[in-house]
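The values are calculated or read from the model by the stated rules, or taken from the named source; none is laboratory data. Since this is a predicted model, take the numbers as computed values, not measurements. Positions of Cβ are generated from backbone atoms using ideal geometry, with glycine treated the same way; all protein chains shown enter the neighbour counts.
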């Protein structure tokens, strides 16, 4: 099973109720609203989790657990929080928990997943593949907090405030990590950048 295409994650459902309205309905025990929230965020949560877990199946297990926990603890949600940030925070915590559990058992083998958009010509395909491989290698080499900030903001489209909620740090700290990650990636991928 392949991880969702990260470029498809930025599309949002412009029709229908907002995440906050769906969450209000979920708090009132509306299972249909939960289904709509799952449809809206499933792929992005799986992709986010798969970046740090060994398989996309494990990432899907995490996403499923996120929504189970959301339903079980729906009455505790604070309406001032961003629903998207809340979902990513639960996902992040579950991923960290799984990684810690694996480390205790001595079986840590995280692997980056993800598919990039297909290219048209063979030359474009080779260049695209080289860039993708180099980008994944350099992204995985970043310090964990920088990588996480970059993925949340640049790939998944969260705002700095939402990413700060997910990472449980200040908005300024996220901005600092994001800036440093961007500078690191630009320096390491300079050969692919046009002068």
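Worth pointing out:
- Residue within region 56-77 that is under 16 Å from residue 153 (Cα atoms) and assigned to a helix (DSSP H, G or I) present: no
- Here residue 72 fits the description: at pLDDT below 90, over 21 Å from residue 164 (Cα atoms) and surrounded by fewer than 14 Cβ atoms within 10 Å (Cβ to Cβ).
- Of all the criteria given as (1) assigned to a helix (DSSP H, G or I); (2) modelled with pLDDT under 90, the one not satisfied by residue 2 is (1).
- Residue ID - modelled with the highest pLDDT, chosen from residues in region 80-107 that are out of contact with any helix residue (DSSP H, G or I) (no Cβ under 7 Å at 6 or more places or on another chain) and in a loop (DSSP other than H, G, I, E, B): 80
- Tabulated pairs, region 49-69, first over 20 Å from residue 144 (Cβ atoms), second modelled with pLDDT under 85, C-beta under 6 angstrom, 6+ apart or interchain: 56/1; 56/3; 56/113
- Restricting region 160-190 to residues that are at pLDDT 85 or above and outside any helix (DSSP H, G or I), the residue that is nearest to residue 82 (Cα to Cα) is 168.
- One residue alone among 114, 157 is outside any helix (DSSP H, G or I), under 19 Å from residue 49 (Cα atoms) and modelled with pLDDT under 75, and that residue is 114.
- Filter result for residue 129 (at pLDDT below 85, over 30 Å from residue 69 (Cβ atoms), surrounded by 11 or more Cβ atoms within 10 Å (Cβ to Cβ) and touching a helix residue (DSSP H, G or I) at 6+ places or on another chain (Cβ under 7 Å)): no
- Answer from 36, 40 - the residue that is in contact with a helix residue (DSSP H, G or I) (Cβ under 6 Å, 6 or more places away or on another chain) and buried (at least 17 other Cβ atoms within 10 Å of the Cβ): 36
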